[in-house]
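Notes follow the structure.
Laboratory data are not the source of any read-out in this text; all were calculated from the coordinates shown. Here the structure is a predicted model, which is why all the values come from computation and not from measurement. In this analysis, Cβ positions are derived from the backbone assuming ideal geometry, glycine residues included, and neighbour counts consider all displayed protein chains.
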Amino acid sequence: MEHIWDSDRPSIIYEVYIPRRHEHTLKFVLDSLFVESRFARIPEVLIQPAVKQSSDSEEKRQAAIHELFRRCQSCITGYTLYDVRGRFVDDKTGTIIDEDSVVARLIVADLDCDVPRGANQSVLNDAQKIVEILITERLAAEAPDEQQIWFVKYQQSRLWRCIRKPQQGQDPNPAQQRPPA
């Protein structure tokens, strides 16, 4: 067999539900987590809670932003988009409304953890801060006309991966073989 099963790892799954008309905004916000030049342009008000007031000097501030970006890279490596059709009751009129939405799913796991059941809790904690500060707040700011944006967190998840066996001379650590950002 050319593939092996990686041990299960604790993970958290986040989903963001937003009307289809905001799909571009959703992608823009999420993509900024993976490109450092875009990440550095995240509004200051959103970065400050995460970088703990490192405004002593521009150099320290940039170092704090770089560290936050590095932590983001270690816990969020991508996302998946789904098209969904939903129905809900308008609380003002009582009518049923159909709405096409986009769902972004982020799976957060400590892929570098060598002990599968001893996950590095700081990675999962970092992810929660990143989602709460850099995704939810920014998305709300970028889509101010939207009445509701839903965020769902699945806390007790486990991740199993089927990975290709390393070839001779190749690094056996699959976490080190992620595609470059």
Mind checking which lysines have their Cα closer than 18 Å to the Cα of K153? Skip sequence neighbours fewer than 8 apart in that chain. K129
Any idea how far apart K129 and D31 come out in nm if each label point goes 7 Å out from Cα toward Cβ? 2.7 nm
D100 versus Y154, label points 7 Å from Cα toward the beta carbon: distance in nm? 2.5 nm
Y17, Y154 arranged by Cβ crowding within 10 Å, fewest neighbours leading: Y154, Y17
Segment H66-R20, extension gain: residue separation times 0.36 nm, minus the distance between their alpha carbons: 13.4 nm
From fewest to most C-beta neighbours within 10 Å, the residues I107, I97, I76 line up as I97, I107, I76
